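The values are calculated or read from the model by the stated rules, or taken from the named source; none is laboratory data. Being a predicted model, the structure only gives us computed values, none of them experimental. Here Cβ is always computed from backbone atoms with ideal geometry, including for glycine, and neighbour counts include all displayed protein chains. The accessibility values were calculated without ligands, DNA or RNA, using every heavy atom of the protein model including side chains. Shrake-Rupley method; radii C 1.70, N 1.55, O 1.52, S 1.80 Å.
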Amino acid sequence: MPTFLGKDLIGLEHLSAEQILAILDTAETFKEISERPIKKVPVLRGKTIVNLFFEPSTRTRISFEFAEKRLSADTVNVAATGSSVAKGETLVDTARNLEAMRIDMVVIRHSASGAARFLAERIPSNVVNAGDGRHEHPTQALLDLLTIRDHRGRIDGLKVCIVGDVLHSRVARSNIWGLLRLGAEVAVCGPATLMPAAVETLGVRFFRRIEEAIEWADVLNVLRLQLERMQAGYVPSLREYNRFFGVSNDRLAAASDDILVLHPGPMNRGVEIDSDVADGPHSVILDQVTNGVAVRMAVLYLLAGGAPEAAEAAKGGGR
Amino acid sequence: MTRPLLIRGGRVIDPSRGFDDAADVLLVGGRVEAVGTALGAPDGADTLDAAGKVVCPGLVDVHVHLREPGGERKETIATGSLAAAAGGFTTICAMPNTDPPIDDPAAVGFVSAAGARAGHARVFPLGAVSVGLAGERLAPVGEMVEAGAVGITDDGHPVYDAGLMRLALEYGRSFDIPVASHCEVRSLSRGGSMNEGVVSTRLGLTGMPNAAEDVMIARDLFLAELTGGRVHIQHVTTKRGTELIRDAKARGVTVTAEGTPHHFSLTDEAVEGYQTHAKVNPPLRSEQDRRAVLAAVADGTLDCIATDHAPHHYDEKEQAFDDAPFGLIGLETALGVSLSRLVVDQHLSLPDLIHRMSTGPARAFGLNAGTLALGAPADVTVIDTAASWTVDARTFRSRSRNTPFDGWTLTGRAVATIVGGAVVHAMDGAE
Ligand SMILES: [Zn+2]
């Protein structure tokens, strides 16, 4: 069944501004549910959702699970691990099994880029990408967009800089496409070893120095540095990374007063972000977590066939 | 004993002698007996009407993975050589990276014997450069040559140790064989699953930079120059790689090289949508590189068109992109893709194309093939250069289906393939 978003949410690369804004507006409507004493509405009653996590991600999985439960869906969590080849074989077999079980939606996290799309092409259920390899992580980007919009009232015309390991980050790609689609200016900043080839072809500018990025930006989205990147030699040491690319209060002194600092978590305090920033007045990191549930509720609702303009009415039935 | 065969009324193109004219070709006793006009058919001879068709020396592919021993689920020597015959190839060179690898004379003999037993095409094995393809110790090159190996390579694995490569080139001189080289600096390409560039950035896949190939091509050219040995650069994919080879040839370095139909007809855009049939190593590169490979085939910098036919079972390719193996098959599409992209598109004359697919590769590997000279083996391909056909992988003779060309409409195909005077493949070319 084609919905407002299509059958699946694989990424933001191919979503229109209208679709992205509708998700944000719907999420805004759903936020209130989480404030109620009984945090449950019957929007997805009778729907079966499988959370298929081939790669551990407690935060994302829990956020999806809250979203599903608050919409009254029946959920099953499947965690799968194994070797690279075994994972691939599992994926096609898993698709067949899911198809046979007639489930309605699948939320998938996988270490291979393209895995969510691979599954979506093979099953009739709606598929939501909860992160595929280093490709996309659309719901994370959507919650970042919602958080920025909440605080600045708009996305259009804002200057957003993504800081850190863009090369290995699915969050970065989804953010770049979503922000550009909504009219923001986007930049990246980090060591050149952690930038993809031809990063500018994505439509972003590249700051070599964090000081320049901070001076330029209205919003900093600070990515987590995977510690194994240091072992693999992308950066010489964590100390050096913090010294040249870490976001600290000293550096923020040069920023505009209302600069926002986002971080997808979990944070390496003292590496990519200092505690005084993470816990300071510019940080909106906890808002991101709250918004994550609302955004995921919105995505599930819209994929299940809900209309953006009917969201308010849809949630009413649960009181 | 095969009966004499008279191939009548075709356009005979024999690049080995610069021959291009309407003529008959008479094959007797497994040899080319005569090429001329109005030849009479001897008693008991079969005739093959080639009117409107091109008759040329049998096509030669110096880069084929037959997967036997060890990978018979993907391909066998019999099915691979059958696919070769269907594609117009009369001679194929089998890569030694099987399981177990072809790194001793017994294994070489096994491949030769299995090829002869199947009888669909001539199968010439290459032996490994190093024992177990491990890149450490030279394999018994002389004994393997004695057993029928026509060259050595660790294809699939670059010979990382420059000293070992030097030894292989020097030692290979004693037996006058080429050392075929898969040029890839793994420390630059490791973890990569496609070309490094705009598309890999967008898809979030790890890229393999051109430099991973270029650096090792440069190294091997220096080593060939140092040793005087014969180096054959396999599957060249980069603009800079073609320039390096062109310069080396101009300096007199003994180097031959090959380009593949997929590298001169596709770019990394073919990977869009995580198409695993376009996952190949070396990877499909940029448009600029594609054009450079095409130009290098056209001007002869790349002496041979080779397929790097690499069969994989469908369930191995039916995976997430990073998990799928590298490789695509090419024996049954190479001629059609090459004719369409090079000759129809007017980058190369038909005689030059046949040179790159027959005479050139035969010379690079010192094979008794690629010519219709009197007394030469009676290996002939008859081509309908006008036939328009649509690739349907389900009809392939290969045991595998991993081709990015499925569904393509191509112009030109082999309508008859003759090995040692016997017709091993024939089809109605009038479709
Ligand atoms: Zn190779």
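Tally up the residues in segment B:155-182 that are within 13 Å of the ligand (Cβ to nearest atom) and of a type in the set (A, V, I, L, M), please. Of the residues in segment B:155-182, 2 are within 13 Å of the ligand (Cβ to nearest atom) and of a type in the set (A, V, I, L, M).
Condition check ((1) within 16 Å of A:Asn126 (Cα to Cα); (2) hydrophobic (A, V, I, L, M, F, W, C)) across all residues:
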residue: A:Glu13; (1), (2): no, no
residue: A:Val41; (1), (2): no, yes
residue: A:Thr58; (1), (2): no, no
residue: A:Phe66; (1), (2): no, yes
residue: A:Thr75; (1), (2): yes, no
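Take the residues in segment B:271-309 that are touching a Lys or Arg at 6+ places or on another chain (Cβ under 9 Å) and within 16 Å of the ligand (Cβ to nearest atom); name whichever of them is nearest to the other protein chains (Cβ to nearest Cβ). The selected residue is B:Lys279. Evaluated against (1) within 16 Å of the ligand (Cβ to nearest atom); (2) within 16 Å of A:Thr201 (Cβ to Cβ); (3) open to solvent by 10 Å² or more (accessible area, probe 1.4 Å), B:Glu196 falls short on exactly one condition, (1).
Looking at this structure, is B:Leu244 open to solvent by 10 Å² or more (accessible area, probe 1.4 Å) and either among the aliphatic types (A, V, I, L, M) or within 14 Å of chain A (Cβ to nearest Cβ) (or both)? So B:Leu244 passes the test.
Limited to segment A:121-132, what total is found for residues that are within 12 Å of chain B (Cβ to nearest Cβ) and surrounded by fewer than 24 Cβ atoms within 10 Å (Cβ to Cβ)? Residues in segment A:121-132 being within 12 Å of chain B (Cβ to nearest Cβ) and surrounded by fewer than 24 Cβ atoms within 10 Å (Cβ to Cβ): 2 in total. Residues in segment B:206-225 that are within 14 Å of another protein chain (Cβ to nearest Cβ) and open to solvent by 10 Å² or more (accessible area, probe 1.4 Å): B:Thr206, B:Gly207, B:Pro209, B:Asn210, B:Ala211. Scanning segment A:172-193 for residues that are of a type in the set (A, V, I, L, M), touching a residue at least 40 places away in the same chain (Cβ under 8 Å) and crowded, with 24+ Cβ neighbours inside 10 Å gives a single hit, A:Ala172. Of all residues in segment B:266-315, those that are open to solvent by less than 30 Å² (accessible area, probe 1.4 Å), of a type in the set (S, T, N, Q) and not in a loop (DSSP other than H, G, I, E, B) total 1. The set of residues in segment B:83-120 being more than 16 Å from the ligand (Cβ to nearest atom), under 15 Å from the mean Cα position of the chain (by Cα) and not in a loop (DSSP other than H, G, I, E, B) consists of B:Ala83, B:Ala84, B:Ala85, B:Ala86, B:Phe89, B:Thr90, B:Thr91.
Would you confirm whether or not segment B:349-361 contains a residue that is polar (S, T, N, Q) and open to solvent by 10 Å² or more (accessible area, probe 1.4 Å)? If you could, list the steps in order and put the result at the bottom.
Our first condition is that a residue be polar (S, T, N, Q); within segment B:349-361, this holds for B:349, B:358-359.
In the following step, the residues that additionally are open to solvent by 10 Å² or more (accessible area, probe 1.4 Å) were identified as B:349.
Within segment B:349-361, one or more residues are polar (S, T, N, Q) and open to solvent by 10 Å² or more (accessible area, probe 1.4 Å).
Within the option set B:Ala121, B:Ala106, B:Ala134, B:Ala116, being among the small types (Gly, Ala, Ser) and crowded, with 23+ Cβ neighbours inside 10 Å holds for one residue only, B:Ala121.
Of all residues in segment B:35-44, exactly one satisfies the criterion of being loosely packed, with under 11 Cβ neighbours inside 10 Å and either part of a strand (DSSP E or B) or of a type in the set (A, V, I, L, M) (or both), namely B:Ala38. Look at B:Thr47 and say whether it is over 21 Å from B:Arg399 (Cβ atoms), among the polar types (S, T, N, Q), open to solvent by 40 Å² or more (accessible area, probe 1.4 Å) and assigned to a strand (DSSP E or B). Here the answer is yes, as B:Thr47 does meet what is asked.
Given segment B:318-431, what helices (runs of 4 or more DSSP H) lie entirely inside it while holding 3 or more residues that are among the small types (Gly, Ala, Ser)? If you could, list the steps in order and put the result at the bottom.
Details: elements: B:334-338, B:350-354, B:360-364.
Of the helices (runs of 4 or more DSSP H) lying wholly inside segment B:318-431, those with at least 3 residues that are among the small types (Gly, Ala, Ser) span B:334-338, B:360-364.
Any idea which residue in segment A:187-236 is farthest from A:Asp274 (Cα to Cα), counting only those that are assigned to a strand (DSSP E or B) and within 14 Å of another protein chain (Cβ to nearest Cβ)?
Among residues in segment A:187-236 that are assigned to a strand (DSSP E or B) and within 14 Å of another protein chain (Cβ to nearest Cβ), the one farthest from A:Asp274 (Cα to Cα) is A:Phe206.
The listed residues are B:Ala257, B:Ala212, and the only one of them that is farther than 28 Å from B:Thr91 by Cβ and in contact with a helix residue (DSSP H, G or I) (Cβ under 8 Å, 6 or more places away or on another chain) turns out to be B:Ala212.
Every listed requirement among (1) within 13 Å of the ligand (Cβ to nearest atom); (2) open to solvent by 40 Å² or more (accessible area, probe 1.4 Å); (3) under 30 Å from A:Leu202 (Cβ atoms) is met by B:Thr237 save one, (2).
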